[in-house]
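One structure coming up, written as structure tokens, with questions to follow.
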Amino acid sequence: MEPKVSIILTSYNKPQLLAKAIESVQQQTMYEWELWIMDDHSNEETVQTIQQYVDDPRIMYRNSLVEQKERYQTTRYASLINEAIPLTKGNYLTYLTDDTVYMPTRLSEMVAFLEENSAIDIVYSSQQIQVVNEQMTCLRQFTREAVDIQSDAADRVDHCSVMHTRKILDQVWEKFGGYWDDDPLHWCRGDAVFWQRLNAFQPFYPLTKVLDITYKTPYSVQSLFRYLPATIPDGMLVKGTGEEIYLIDEGKRRHLIPAMFSFFKYDLKKIVDVPDPLLYRLEEGIPIAHTSHLPPYRLYQDEEGDVFYLEQKQRRKIISSLVWKKFHFHRKEVIKVDSKLLNNIPSGPDIDAHFSVPLLENRVYKNHIHYWLMANHSLHPIDKKVLERLKIDLDPIPIPRNIINQCEKGAPIVGEYL
Ligand code: UDP
Ligand code: MG
């Protein structure tokens, strides 16, 4: 049997759903397919699940054996797909993720359409999306409809709803020098980036029927990206699936070793969970591993008793006792350090009881219903949801409108994936 369709299934640590995905392929009404299970070095349970299906001669399995430290250097599923493509034999190619199932007629209907319309190279169908909880109970569902002929399918058509010819794939290779772009920047929309490549040649033609169901679980990487801005502001504490806590500083992630966490009086409640792909695409900075590595945006007290707020390149002295209340500083946050350490840092404008410009960096200000974050010398409007996600919503500093007007304004900080 020569397969007509090659299915590339990317898998990582979702054993139960993966089994459903594989079985949905085996239950296809069409027989001439091959399934490439591209596993990304999953846990034992997932590997054992896959082993139960490899007896089927149409099912092939590859394990990437990717090292954990390399995992987030590319958009993994795109890398796996690129590895699989040269192995495939079908005249048509289609994609599946380990949290999606095909309806039984998906392959036959799409193949029939492409065979009947030989000038068309790309077809897509409607998709049902089920938002589920940890027990896989459906919380809500909706349909992503395939209606239009899409010349701009990016972000409109899902990874698992498309089939295309091998011919168009060859054209993509010639024009772009590769198939899928696996730059880690595109982790959340690697499919969209590939659709743009396909759209350089042809639109996507719709089949209105729902031909796949995708499940959005609480662990979905996309859910973790929710309300996070593309760039995490400096001063945030972040954590991925690993144990390490990082401080974002000048756009880099600096490992904050546990002893320093308490020395510098950080608060566990301020740690923001971020998806690993986002965390690992940040350049790694110098770890904060010693009490002399003073991180910015903290209050430091020297041996004379003076208290300073440290910003990126300067220390600003608190010269009025009213400052504490006004800027929502707390005495318990003060870190006592050697005067020499502070003297080495250039001194900036003093902090008095007025809201003088430039405002203190890395603080959240509020006027009426509007929120602002002072970062990189400008005041950025920031969305309430984003503030909550970044755990800096609790105590914004009320500030008069005229001060806001005097400040240099920066780009709004908005969640990338809402
Ligand atoms: N994936 C992968 N390696 C990883 C993480 C994910 O190959 O380290 C695959 C995963 O199996 C899936 C695709 O990438 O096929 C998209 O990931 P996922 O479904 O987790 O994203 P989500 O839907 O959760 O946002
Ligand atoms: Mg998914």
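The values are calculated or read from the model by the stated rules, or taken from the named source; none is laboratory data. Nothing here was measured: the structure is a model prediction, and the numbers come from that model. Quick reminder, even Gly has a Cβ in these numbers, built from the backbone with ideal geometry, and neighbours come from all protein chains shown.
If you check Ile248, Ile286, which single one turns out to be of a type in the set (A, V, I, L, M, F, W, C), modelled with pLDDT of 95 or more, away from ligand 1 (no atom under 16 Å from the Cβ) and exposed (fewer than 13 other Cβ atoms within 10 Å of the Cβ)?
Working: Ile248 fails: exposed (fewer than 13 other Cβ atoms within 10 Å of the Cβ).
Unique residue meeting the criteria: Ile286.
Write out, first by first residue and then by second, each pair whose Cβ atoms fall under 8 Å of each other, whose residues are 6+ apart or on separate chains, and whose first residue, in the range 254-273, is free of Cβ contacts under 8 Å to residues at least 60 places away in the same chain while the second is buried (at least 17 other Cβ atoms within 10 Å of the Cβ) and of a type in the set (Phe, Trp, Tyr).
Arg254/Tyr246; His255/Tyr246; Leu256/Tyr246; Leu256/Phe264; Leu256/Tyr266
Would you check if there is a residue in the range 42-50 being within 16 Å of ligand 2 (Cβ to nearest atom), closer than 22 Å to Lys216 by Cβ and touching a Pro at 6+ places or on another chain (Cβ under 7 Å)?
Here is the first cut: in the range 42-50, the residues within 16 Å of ligand 2 (Cβ to nearest atom) are 42, 46.
Of the ones still in play, those that are also closer than 22 Å to Lys216 by Cβ are 42, 46.
Right, trim to touching a Pro at 6+ places or on another chain (Cβ under 7 Å) and you get 46.
Yes, some residue in the range 42-50 is within 16 Å of ligand 2 (Cβ to nearest atom), closer than 22 Å to Lys216 by Cβ and touching a Pro at 6+ places or on another chain (Cβ under 7 Å).
Yes/no matrix, rows are residues, columns are (1) within 16 Å of ligand 2 (Cβ to nearest atom); (2) within 30 Å of Gln27 (Cα to Cα); (3) acidic (Asp, Glu):
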site	(1), (2), (3)
Arg166	no, yes, no
Glu174	no, no, yes
Gly177	no, no, no
Asp183	no, no, yes
His186	yes, no, no
Lys216	yes, yes, no
Tyr227	no, no, no
Leu247	no, no, no
Met260	no, no, no
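Right, here's the next one. Mind listing whichever residues of the range 309-328 are more than 16 Å from Met374 (Cβ to Cβ) and either of a type in the set (Ser, Thr, Tyr) or assigned to a loop (DSSP other than H, G, I, E, B) (or both)? Reasoning before the result, please.
In the first step, residues of the range 309-328 are kept if they are more than 16 Å from Met374 (Cβ to Cβ); the result is 315, 317-322, 324-325.
Those that are more than 16 Å from Met374 (Cβ to Cβ) and either of a type in the set (Ser, Thr, Tyr) or assigned to a loop (DSSP other than H, G, I, E, B) (or both): Ile319, Ser320, Ser321.
Return yes or no: is Glu34 surrounded by fewer than 21 Cβ atoms within 10 Å (Cβ to Cβ) and acidic (Asp, Glu)?
Working: surrounded by fewer than 21 Cβ atoms within 10 Å (Cβ to Cβ): no; acidic (Asp, Glu): yes.
Spelling it out, it is not the case that Glu34 is surrounded by fewer than 21 Cβ atoms within 10 Å (Cβ to Cβ) and acidic (Asp, Glu).
So how many residues does the range 103-119 have that are in contact with a helix residue (DSSP H, G or I) (Cβ under 9 Å, 6 or more places away or on another chain), of a type in the set (A, V, I, L, M, F, W, C) and assigned to a loop (DSSP other than H, G, I, E, B)? Show your work before the answer.
Applying the first criterion (in contact with a helix residue (DSSP H, G or I) (Cβ under 9 Å, 6 or more places away or on another chain)) to the range 103-119 yields 103-104, 106-107.
Next, from what is left, pick out any that are of a type in the set (A, V, I, L, M, F, W, C): 103, 107.
Filter once more, keeping what is assigned to a loop (DSSP other than H, G, I, E, B): 103.
Within the range 103-119, residues that are in contact with a helix residue (DSSP H, G or I) (Cβ under 9 Å, 6 or more places away or on another chain), of a type in the set (A, V, I, L, M, F, W, C) and assigned to a loop (DSSP other than H, G, I, E, B) number 1.
Only one of these conditions is not met by Phe204: (1) within 25 Å of the chain's Cα centre (by Cα); (2) crowded, with 20+ Cβ neighbours inside 10 Å; (3) more than 16 Å from ligand 1 (Cβ to nearest atom); (4) not hydroxyl-bearing (Ser, Thr, Tyr). Which number is it?
For Phe204, the failing item is (1).
Turning to a different aspect of this structure: Checking the structure you have, find out if any residue of the range 119-131 is over 28 Å from His186 (Cβ atoms) and either surrounded by fewer than 22 Cβ atoms within 10 Å (Cβ to Cβ) or in contact with a Ser or Thr (Cβ under 9 Å, 6 or more places away or on another chain) (or both). Outline the logic, then answer.
From the range 119-131, those over 28 Å from His186 (Cβ atoms) are 119; that's our starting set.
Now restrict to residues that are either surrounded by fewer than 22 Cβ atoms within 10 Å (Cβ to Cβ) or in contact with a Ser or Thr (Cβ under 9 Å, 6 or more places away or on another chain) (or both): 119.
Looking through the range 119-131, at least one residue is over 28 Å from His186 (Cβ atoms) and either surrounded by fewer than 22 Cβ atoms within 10 Å (Cβ to Cβ) or in contact with a Ser or Thr (Cβ under 9 Å, 6 or more places away or on another chain) (or both).
Pairs only if they're at least six apart or on different chains, beta carbon under 6 angstrom, first in the range 391-418 and without any contact (Cβ under 8 Å) to a residue 24 or more places away in the chain and farther than 14 Å from Arg363 by Cα, second of a type in the set (Phe, Trp, Tyr) and crowded, with 16+ Cβ neighbours inside 10 Å; list them, first residue then second.
Close Cβ pairs satisfying both conditions: none exist.
What is the number of the single condition among (1) in contact with a helix residue (DSSP H, G or I) (Cβ under 8 Å, 6 or more places away or on another chain); (2) within 26 Å of Val131 (Cα to Cα); (3) modelled with pLDDT of 95 or more that Tyr205 does not meet?
The number of the failed condition is (2).
Could you list, in sequence order, all residues of the range 207-229 that are of a type outside the set (Lys, Arg), within 16 Å of ligand 1 (Cβ to nearest atom), within 13 Å of the chain's Cα centre (by Cα) and not in a helix (DSSP H, G or I)?
Step one: list which residues in the range 207-229 are of a type outside the set (Lys, Arg), which gives 207-208, 210-215, 217-225, 227-229.
Narrowing the set further to residues that are within 16 Å of ligand 1 (Cβ to nearest atom) leaves 212-215, 217-225, 227-228.
Restricting the remaining residues to those that are within 13 Å of the chain's Cα centre (by Cα) gives 219-225, 227-228.
Tyr219, Ser220, Tyr227, Leu228, listed by residue number.
Identify all residues within the range 392-413 that are surrounded by fewer than 16 Cβ atoms within 10 Å (Cβ to Cβ) and part of a loop (DSSP other than H, G, I, E, B); write none if there are none. Explain how you work it out, then say what you get.
Residues of the range 392-413 that are surrounded by fewer than 16 Cβ atoms within 10 Å (Cβ to Cβ), as a first pass: 394-395, 398, 400-402, 405-406, 408-409, 411-412.
If the condition is that a residue be surrounded by fewer than 16 Cβ atoms within 10 Å (Cβ to Cβ) and part of a loop (DSSP other than H, G, I, E, B), then Leu394, Asp395, Pro400, Glu408, Ala411, Pro412 are the ones that fit.
What is the residue count in the range 230-241 for residues that are in a loop (DSSP other than H, G, I, E, B) and either within 13 Å of ligand 1 (Cβ to nearest atom) or in contact with a Phe, Trp or Tyr (Cβ under 6 Å, 6 or more places away or on another chain) (or both)? Steps first, please.
If we filter the range 230-241 for residues that are in a loop (DSSP other than H, G, I, E, B), which is where we start, we get 230-236, 240-241.
With the extra rule that they be either within 13 Å of ligand 1 (Cβ to nearest atom) or in contact with a Phe, Trp or Tyr (Cβ under 6 Å, 6 or more places away or on another chain) (or both), the set shrinks to 235, 240-241.
Total meeting the criteria: 3.
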